[in-house]
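A.B. asks: So that we are looking at the same thing, I have put the structure below in structure tokens.
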Amino acid sequence: MYVWNSIKIYIEGRNTEFISNIQKFFHASHVEIPGEEPDIIFSIYDAGEKMLPAVNKEARLIKSCTILVENELNLKIYEHEEEFWYLYQDTAGIWIDCKSNKIVLSLSKLFSFPYYSILLFFLYPLGMLLENLGYFRVHASCIDIGDRAVLFTGRSGSGKSTAAFAAAASGGNIISDDITFLEKTGNSYKVHTITNLVKLHSDTINRFFPKLLGHRFLKSNEGEMYFEAKDINDKEPENSILDAIITLEKTNKKNSSFKKIHPSKVIPHLFPSSIPINNNKFTHRKFILLSNLLNDIQCYNACFGTDMSDFYKKITNSLNKETL
């Protein structure tokens, strides 16, 4: 049994390689709770076991696309009421039942870089059920400065991960990279991560953060370097409350510049860009959360410069309600 922010997740199956990688990369406590009923059941099978529920005859195809993860993968997504089937040709099949909070994964093969398999076939489908239980994903990296959290969002390649590492290098702590979960608690919003890994491309590390090369890391075939957040943070953030949202735009100037923006300009960036689907029930609940959040949280646009310490200083100024 794993516990993630009080959510109890039971994982079963005989694929020991995949399950051992879950233990490495999933940011949750592995505990024994005899007699406790899980909130989510995640079953993992090899394709030869033929345990994946068949696509319902009344299911409709809601997405067909090709994604690139080491190689091109053809993906078809089917939906019937609160059930979803993610069928990755010759690689994996996933059944997600949002009514019973159950997931079945049928694996044909794993990626050569093990984290990719966990990200695509475990963390992503699990995230759907966590949204069903009130924890909503947004497309943003997140840092903590004295229990106050800042989200960095923007287009792919805008510098979300770089901004997070810039904060860690100057005294802040990284909470999450690329995907952050939001939980509404009273009038506040707590931030959470689902994985203990944070990434940055080796070219960016060599240019801005060469000291990180002294830490242990995993390196993908695409040049991304993955670190455990605890290895580069001064402390593990706990109970961080969201204080600001910053959309990023890269610039070749040395210093960063900030300006306040209308919350409506933030919304398009906050939905996860990986394999999005439009389900009225889930999308409606998320829009309600984001609409309430953006009424309460100050939003900025940052032209992200090359001086990492200057960038961090201006973030701390914003949290102290100074003029950016």
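A.B. asks: Yes or no: the stretch 261-278 includes at least one residue that is modelled with pLDDT of 90 or more and surrounded by 12 or more Cβ atoms within 10 Å (Cβ to Cβ).
C.D. replies: Checked against the condition, which is being modelled with pLDDT of 90 or more and surrounded by 12 or more Cβ atoms within 10 Å (Cβ to Cβ), the stretch 261-278 yields at least one hit.
A.B. asks: Of the numbered conditions (1) surrounded by 17 or more Cβ atoms within 10 Å (Cβ to Cβ); (2) more than 16 Å from the chain's Cα centre (by Cα); (3) of a type outside the set (A, V, I, L, M, F, W, C), residue 219 satisfies every one except a single condition; which is it?
C.D. replies: With respect to (1) surrounded by 17 or more Cβ atoms within 10 Å (Cβ to Cβ); (2) more than 16 Å from the chain's Cα centre (by Cα); (3) of a type outside the set (A, V, I, L, M, F, W, C), residue 219 is out only on (1).
A.B. asks: Right, here's the next one. On the given criteria, is residue 112 in a loop (DSSP other than H, G, I, E, B), in contact (Cβ under 8 Å) with a residue 60 or more places away in the chain and surrounded by fewer than 16 Cβ atoms within 10 Å (Cβ to Cβ)?
C.D. replies: yes
A.B. asks: Could I ask something else about it? Of all residues in the stretch 20-38, which are closer than 21 Å to residue 106 by Cβ and either within 18 Å of the chain's Cα centre (by Cα) or crowded, with 16+ Cβ neighbours inside 10 Å (or both)? Give the steps one after another, and end with the answer.
C.D. replies: Taking the stretch 20-38 as the starting set, the residues that turn out to be closer than 21 Å to residue 106 by Cβ are 20-23, 25-26, 38.
Result: 21, 22, 23, 25, 26, 38.
A.B. asks: Next up: Taking the condition surrounded by 15 or more Cβ atoms within 10 Å (Cβ to Cβ), of a type in the set (D, E, K, R), in contact with a Ser or Thr (Cβ under 8 Å, 6 or more places away or on another chain) and modelled with pLDDT of 90 or more, does residue 90 pass?
C.D. replies: On the way: surrounded by 15 or more Cβ atoms within 10 Å (Cβ to Cβ): no; of a type in the set (D, E, K, R): yes; in contact with a Ser or Thr (Cβ under 8 Å, 6 or more places away or on another chain): yes; modelled with pLDDT of 90 or more: yes.
The answer is no for residue 90.
The values are calculated or read from the model by the stated rules, or taken from the named source; none is laboratory data. What you see is a predicted model, and the numbers here were worked out from it, not measured in a lab. For neighbour counting, all protein chains shown are included, and Cβ atoms are generated from backbone atoms with ideal geometry for every residue, glycine included.
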